[in-house]
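The values are calculated or read from the model by the stated rules, or taken from the named source; none is laboratory data. From a predicted model like this one, the values you see are computed outputs, not experimental measurements. As a convention, Cβ positions derive from the backbone with ideal geometry for all residues, glycine included, and neighbour counts pool all protein chains shown.
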Amino acid sequence: MAVRTIDWEDDRILLLDQTLLPTEEKYLRIDSIDVLAEAIQSLRVRGAPAIGVAAALGAALAGVLSRAGSREAFDLDVRNAMDVLRATRPTAVNLFWALNRMKTILLTNPLDSVPDLRKKLIAEALTILDEDRRICRRIGRNGANLLQDPISVLTHCNAGALATADYGTALAVVYTAHEQGKQVKVFADETRPLLQGARLTAWELQKSKIDVTVICDNMAASVMKSGLVDCVIVGADRIAANGDVANKIGTYGLALLARAHEIPFYVAAPLSTIDMSILHGDQIPIEIRAAQEITHGFGKQTVPEGVAVYNPAFDVTPHTLVSAIITEAGVIRAPFQEGFHHVLPSS
Ligand code: MRU
């Protein structure tokens, strides 16, 4: 993959600052938990799987930075860092999933010395990173089987290389189909208000020489009606036990449009995005972001001073509108809860 989104180098976290794309490619060397928390909150690193990897590396970084002499003090340093990271963004469950895995390392090795545990935290974070790479490839292979040749895919936000440690979830399907020699065309929704589709999806697909056309979000209905879209593929931030899907705001509208135009609506996500503790989508916490993102998008004021703004970052698509969920363990169709039980080891 041509894009290195997140990595671990010389005991520090390396991040491509996505707020500067598509005009500037700049890497940040993260050497403090507060800087990492800010990077997650301000979407320098974003996308559910990448947020999970960032949090895991963050817990490892907390171990590296800790000067504690005793296990008790060391554990406290790492736990405090994990609390800071846990409070950054509420919707993507991968963040909490990854931090729980890191916490398990602390809990299951009570007799380890500080240096030994430090090594184990780094090893676990790198395992999470490496697993994400392999999962993307499997999602890609499973999803590509669903795509005819030629195919025109509409996607929303960015569920690609920039949202994972490898080549994405929704876009993994596109990349794999392209590798298989299929003729793939992508319509990328611009994705207001932060333009992840225009800035990020278009950037990485262009880099990979995949045919991509950006449309404003309000053009999707018309593009579908014109017969230009064969299927919709999006990622997910959290999937409830019944198959309801939280993803970037606007996804629900797209699912309704896809149903109205009899176009398949696919969700591509790792199993770590499924949250069996949440029964229905309306229990998923939805992040509300600053009004500024709408009133002063990318620097220019576009809303009169003092006007109220509502800025939820995600919405929930009911499972009834989802044709299939593409995971690393296979393609799951309704009834989703039953399908999840077959592939999730502990459910
Ligand atoms: O606010 P963002 O940019 O983090 O939102 C990202 C999305 O909604 C993605 O579609 C989702 O995280 C899946 S990424 C594989």
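Here Ala236 meets each of (1) touching a Leu at 6+ places or on another chain (Cβ under 8 Å); (2) assigned to a loop (DSSP other than H, G, I, E, B); (3) within 15 Å of the ligand (Cβ to nearest atom) with one exception, condition (1).
Looking at the range 41-57, which of the residues that are free of Cβ contacts under 8 Å to residues at least 60 places away in the same chain and surrounded by 24 or more Cβ atoms within 10 Å (Cβ to Cβ) is nearest to Glu293 (Cα to Cα)? The selected residue is Val45.
The criterion of being at pLDDT 95 or above, of a type in the set (Val, Ile, Thr) and surrounded by fewer than 19 Cβ atoms within 10 Å (Cβ to Cβ) holds for Ile286.
So, of the residues in the range 34-68 that are part of a loop (DSSP other than H, G, I, E, B), closer than 20 Å to Ile105 by Cβ and touching a helix residue (DSSP H, G or I) at 6+ places or on another chain (Cβ under 7 Å), which turns out to be nearest to the ligand (Cβ to nearest atom)? Of everything passing the filter in the range 34-68, Ser66 is nearest to the ligand (Cβ to nearest atom). Would you check if Ala161 is in contact with a Phe, Trp or Tyr (Cβ under 6 Å, 6 or more places away or on another chain), within 16 Å of the ligand (Cβ to nearest atom) and modelled with pLDDT of 95 or more? Criteria met by Ala161. Could you grab me the full set of residues in the range 279-317 that are farther than 20 Å from Thr191 by Cα, in a loop (DSSP other than H, G, I, E, B) and more than 16 Å from the ligand (Cβ to nearest atom)? Within the range 279-317, Leu279, His280, Pro304, Glu305, Gly306, Val307, Ala308 qualify. Restricting attention to the range 200-233 and to residues that are among the basic types (Lys, Arg) and either closer than 20 Å to Asp166 by Cβ or modelled with pLDDT under 95 (or both), the residue that is farthest from the ligand (Cβ to nearest atom) turns out to be Lys209.
Per the listing Ala188, Ala163, Ala202, Ala177, the residue uniquely touching a residue at least 24 places away in the same chain (Cβ under 8 Å) and within 25 Å of Ala56 (Cα to Cα) is Ala163.
The residues of the range 178-209 that are surrounded by fewer than 18 Cβ atoms within 10 Å (Cβ to Cβ), more than 24 Å from Leu321 (Cα to Cα) and touching a strand residue (DSSP E or B) at 6+ places or on another chain (Cβ under 8 Å), listed by number, are Lys182, Gln183, Gln206.
Taking the conditions exactly as written (in contact with a Leu (Cβ under 9 Å, 6 or more places away or on another chain), in contact (Cβ under 8 Å) with a residue 60 or more places away in the chain and either surrounded by fewer than 19 Cβ atoms within 10 Å (Cβ to Cβ) or among the aromatic types (Phe, Trp, Tyr) (or both)), does Leu121 satisfy them or not? Taking the combined requirement at face value, the residue does not satisfy it.
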